[in-house]
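Asker: A single structure is presented below for examination.
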Amino acid sequence: MSEALFDLTLSEEQVMTRDSVQRFAAAELGAIARSANEAGATPAGLLDKTLELGLSLMPIPEALGGAGMARSPVSNVLTAEDLAGGDLSLALASLTPLAVVNTLIDQGSPEQQEKYLPRFCGESFYAATIALMEPRATFDPNELQTTARRDGEGFVLNGSKTLVPLGASAELLLIIAELEGEGPAAFIVDGAAQGLERVIETHMGLTSIEVAGLTLTDVSLAADSLLGKGTFDLQRFVDLSRLGICALAVGTCQAVLDYVTTYCNERVAFGEPITNRQSVAFMIADMAIELDAMRLMTWRAASRAEQGEDFHEQAYLAKLFCGEHAMKIGTDGVQLLGGHGFCREHPVEMWYRNLRAIAILEGAVSV
């Protein structure tokens, strides 16, 4: 049986939203990306400005203070792509609370939604994040070493997490752990929980997003901290987050392609633009082909998710492809700038460093 086709035509609302997000990304994210990268911190007040986009507000029911719009993986992927065109790190910071909102709506109980979702509807940015990744080279989302055990009517968490976006400042954390004898589970943890320690991590990229490592030592939680009814669909969560990560890669790679195309057309050597050289033109063409493949694979998986179709295979392949080719596009972008690719006056080296994270990130941006 042939697979259903997916329509690449965007709705009028999606077109309008993309225009707004792209303008915001250029004016607010792209304009300060370098200074934020150098400072190693998210600029004060920036995340409050993202409230004008209503990212977290959109899928929250009207009764809880939100806009009451149906959750759309396709629209969320488009938003992630467009924000990343400004800066991947700051886009990730802007979208992290939305990942928590989406997961609460997708797998949380009505009581948990009523308790936590209104917090995202205020007039200031509410920092919330998801902690899935663990600090080991062989990390597999399906083999968690962070553990939870039942203790009376509550739970006790122990373990470590790494690469947690907004991990240093998040007021609310959704921590994924292995519940002893029951399988993977998600726990809603207050940022001030006793036994929770945070350490800001320094990495090659993502320097402006307060990426942190968490240590959980006998963190005691109440019974209602367990997300949903106790059965957490980890694979669905991971697949949805992979779509968001792929979208961030697509947006950043588009920025790389646009920048190097303009640069190479304007860079004159031996009396002519260097794009007149086939070796340069072919490399740019290959980048464009790879980028289109990344985008189409991501959009296809998001379309299947939105239609309620199984999308595990498509999400896995998109993440695999984007992880490999995002790094290649970043490398080729630096190469095309020649010596200038090594200079910090051009943003390509910064985009390259951020793109190196795509292959290893998991669970950061659930769409």
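The values are calculated or read from the model by the stated rules, or taken from the named source; none is laboratory data. The shown structure was predicted, so the numbers you read here are calculated from the model rather than taken from an experiment. We place every Cβ from the backbone using ideal geometry, glycine too, and count neighbours over all the protein chains shown. Ligands, DNA and RNA are excluded from the accessible area calculation, which covers all protein heavy atoms including side chains. Shrake-Rupley method; radii C 1.70, N 1.55, O 1.52, S 1.80 Å.
Asker: Of everything in the stretch 209-263, what is in contact (Cβ under 8 Å) with a residue 60 or more places away in the chain, open to solvent by 20 Å² or more (accessible area, probe 1.4 Å) and either under 27 Å from Q113 (Cα atoms) or touching a Lys or Arg at 6+ places or on another chain (Cβ under 6 Å) (or both)? Give them in sequence order.
Answerer: Result: E210, D218, S220, L221, A222, A223, D224, K229, D233, Q235, R236, R242.
Asker: Considering M294, M350, which residue is in contact with a His (Cβ under 7 Å, 6 or more places away or on another chain) and surrounded by 20 or more Cβ atoms within 10 Å (Cβ to Cβ)?
Answerer: Just one listed residue meets the conditions, M294.
Asker: Answer yes or no: is there a residue in the stretch 21-30 that is farther than 27 Å from A168 by Cα and either outside any helix (DSSP H, G or I) or over 17 Å from the mean Cα position of the chain (by Cα) (or both).
Answerer: Taking the stretch 21-30 as the starting set, the residues that turn out to be farther than 27 Å from A168 by Cα are 22-23.
After this cut, where a residue has to be either outside any helix (DSSP H, G or I) or over 17 Å from the mean Cα position of the chain (by Cα) (or both) as well, the list is 23.
Scanning the stretch 21-30 turns up at least one residue that is farther than 27 Å from A168 by Cα and either outside any helix (DSSP H, G or I) or over 17 Å from the mean Cα position of the chain (by Cα) (or both).
Asker: Then there is this: Can you tell me how many residues within the stretch 302-318 are touching a residue at least 60 places away in the same chain (Cβ under 8 Å) and either surrounded by fewer than 15 Cβ atoms within 10 Å (Cβ to Cβ) or under 12 Å from V250 (Cβ atoms) (or both)?
Answerer: Narrowing the stretch 302-318 to residues touching a residue at least 60 places away in the same chain (Cβ under 8 Å): 302-307, 309, 311-312, 315-316, 318.
After this cut, where a residue has to be either surrounded by fewer than 15 Cβ atoms within 10 Å (Cβ to Cβ) or under 12 Å from V250 (Cβ atoms) (or both) as well, the list is 302, 307, 309, 318.
Final tally of qualifying residues: 4.
Asker: Further question on the same structure: Do the conditions hold for A33, that is, is it more than 19 Å from S169 (Cβ to Cβ) and touching an Asp or Glu at 6+ places or on another chain (Cβ under 8 Å)?
Answerer: yes
Asker: If you don't mind, another one. Determine, yes or no, whether A70 is closer than 26 Å to S11 by Cβ and part of a helix (DSSP H, G or I).
Answerer: no
Asker: Could you say whether any residue in the stretch 327-339 is open to solvent by 70 Å² or more (accessible area, probe 1.4 Å), within 22 Å of L240 (Cβ to Cβ) and assigned to a helix (DSSP H, G or I)? Talk me through it step by step, then tell me what you get.
Answerer: The first filter runs over the stretch 327-339 and keeps only residues open to solvent by 70 Å² or more (accessible area, probe 1.4 Å), leaving 328, 335.
Filter once more, keeping what is within 22 Å of L240 (Cβ to Cβ): none.
So far as the stretch 327-339 goes, no, none of its residues is open to solvent by 70 Å² or more (accessible area, probe 1.4 Å), within 22 Å of L240 (Cβ to Cβ) and assigned to a helix (DSSP H, G or I).
Asker: Among what's in the stretch 323-345 and is within 23 Å of S35 (Cβ to Cβ) and modelled with pLDDT of 95 or more, pick the residue that is nearest to the chain's Cα centre (by Cα).
Answerer: So the residue we want is G330.
Asker: Moving on. Give the number of residues within the stretch 92-140 that are among the polar types (S, T, N, Q) and under 20 Å from the mean Cα position of the chain (by Cα).
Answerer: 6
Asker: Another question about this same structure. Being surrounded by fewer than 18 Cβ atoms within 10 Å (Cβ to Cβ) and of a type in the set (S, T, N, Q) is the filter here, so list the residues in the stretch 192-208 that pass it.
Answerer: Q194, T202
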